């Protein structure tokens, strides 16, 4: 997608990423007492590498990792040190990740809201409604 709505599509993907990451991080918190549980996370770098708009137009450009658009979210095991029962979830660490992810989600939502307000304003020929 290009042109007028390209940035809206990018913001939608950012919201989708942060929503999916929240689900994964919440699962980690929910399993904080499960013996042997290993926390997971989502790699943002994989999302960037799989973006369909990113195409190398020159051989000197950086290449993506080869992930297709269908592999947008790479869930990986978070390398944390397990406690006595084999559970590697650190509640403090997971809650900090959730807070940071929530902040990024709200920022992306606000950017999208402002972009849509500008588009409504332009579509109405500058008339506030």
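Nothing in this text is a laboratory measurement; each read-out follows from the coordinates by a stated rule. These numbers come from a predicted model, not from an experiment. Cβ coordinates were reconstructed from backbone atoms using ideal geometry, including for glycine residues, and neighbour counts include every protein chain displayed.
Pull out the extension gain between residue 93 and residue 30, defined as 0.36 nm times the separation in residues minus the alpha carbon to alpha carbon distance; nm, one decimal.
Working: separation 63, 0.36 × 63 = 22.68 nm, distance 1.36 nm.
Between residue 93 and residue 30, full extension yields 21.3 nm more.
Could you please rank 103, 25, placing first whichever residue has the fewest other Cβ atoms within 10 Å of its Cβ? Before the final figure, lay out the partial values.
On the way: 103 11, 25 25.
Listed from fewest to most nearby Cβ atoms, that is 103, 25.
So, by mean Cβ neighbours within 10 angstrom, what's the order for 16-24, 114-122 with the highest one leading? Display every interim value, and only then the final one.
On the way: 16-24: 16.6, 114-122: 11.7.
Highest to lowest by the protection proxy: 16-24, 114-122.
Which of the peptides 30-36, 86-92 is most tightly packed, and how do the rest follow, judged by the mean count of other Cβ atoms within 10 Å per residue? Intermediate values should be presented prior to the final figure.
Working: 30-36: 12.4, 86-92: 14.7.
Most protected by this proxy first, the peptides run 86-92, 30-36.
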